Protein chains: 2
Amino acid sequence: MRIGILAKAAGVSVPTIRYYESIGLLTPPARQGGQRIYASEDVKALSLIRHCRDLDFSLDETRDILASVQRRLPCSDTKSFAEQHLRSIRKRIAELRALEATMASLVSGCETTCCGSTAPDCVILQPGQVNCG
Amino acid sequence: MRIGILAKAAGVSVPTIRYYESIGLLTPPARQGGQRIYASEDVKALSLIRHCRDLDFSLDETRDILASVQRRLPCSDTKSFAEQHLRSIRKRIAELRALEATMASLVSGCETTCCGSTAPDCVILQPGQVNCG
DNA sequence: CTACGCCCTCAAGCCACTTGAGGTTCAAGC
DNA sequence: GCTTGAACCTCAAGTGGCTTGAGGGCGTAG
């Protein structure tokens, strides 16, 4: 199985596969005439990586998850990765919602207060306390 | 006014100021003995950049906003930057909420279904349709 | 004149890839 | 056997928005 077939099977681009190999996330496969030849197990491994990336785990986190799979560690380990990730997602959502509220109030403030003025005087651009981030 | 003073006045790090100059966001100031000397207007300019960054505008967007300020364009231009930014923030929030829902359901699925099993069999790691991103 | 803090430039590192240049291998058709 | 075209190879650089580090210069107070 050549790299292009693997790429389609796992839904990942060809350069990305080579990149994963270069950083040690995928083990280098056998070669024939200089070209990489993969086995069907590699589809599983790469699909798992793609799944982790779809869930927005970082590559470092993905590496840890792969290790826990290879060592057949208990499911509770997997769950704690997921829980920690969920916390960071929720934190990020809270930050973005604060930012959304700030932006929305600035836009409505511009509409009621300064529209018709020029950019340097616009309330949106007045440095003030921004409750976000 | 030397760079360290400007940095404190605008709440930005010294290397960041030099970086902004290197990409053409800040105009290079006068020099004395090789050292940058800033005027009080530069505090305003840099504070505006910081304000845009606090609102999570990209540096490219910030550059456009600065241009609209310098040209004294109407406030409506500023508002449309803000509205577009608000749309992208809301889109990002929606993506993250979908991801949050997916992760939360995987975690609870693990608790009810597979806890006590090992990582390779955990429902969290089963490649399936992930409704996010 | 020495010590210290602040300043300077240039280069590399972070993350997760993508893009491009320039060259090699493979499979199919004639 | 030869040619063509797709797929493969390596290596380097680019993306964003900085931060960090190395190695050195300037200014001022004691």
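Throughout, read-outs are computed from the coordinates displayed, never taken from laboratory work. None of the values given here were measured: they were computed from a predicted structure. Glycine gets a Cβ as well: all are built from the backbone with ideal geometry, and neighbour counts include every protein chain shown.
Rounded to the nearest 500, what is the 222 nm mean residue ellipticity of chain B from helices alone, with -39500 (n - 2.57) per DSSP H run of 4+ residues and division by all residues? Counting only the DSSP helices, I get -19500 deg cm²/dmol.
Shortest first, B:Gly128 label-point distances to identical copies amount to 4.7 nm, with the label point at 7 Å from Cα along Cα→Cβ. Using every pair of distinct Cα positions in the range B:1-73, the Kirkwood expression returns a hydrodynamic radius of 12.5 angstrom. Each copy carries A:Gln70; placing its label point 7 Å along the C-beta direction from Cα gives inter-copy distances of 5.3 nm, listed from smallest up.
For the residue pairs B:Lys8/B:Lys79; B:Lys8/B:Lys44; B:Lys44/B:Lys79; A:Lys91/B:Lys79, the C-alpha atoms sit more than 24 angstrom apart in B:Lys8/B:Lys79; A:Lys91/B:Lys79.
The alpha carbon centroids of the range B:63-88 and the range B:1-45 are separated by 24 Å. Using alpha carbons only, the radius of gyration of chain B set against its Kirkwood radius gives Rg/Rh = 1.25. Summary for A:Glu83: label point 7 Å along Cα→Cβ; distances to the equivalent points in the other copies, ascending, 4.6 nm. Size estimate for the protein assembly as shown follows the Kirkwood approach: the inverse of mean 1/r over distinct Cα pairs works out to 22.3 Å.
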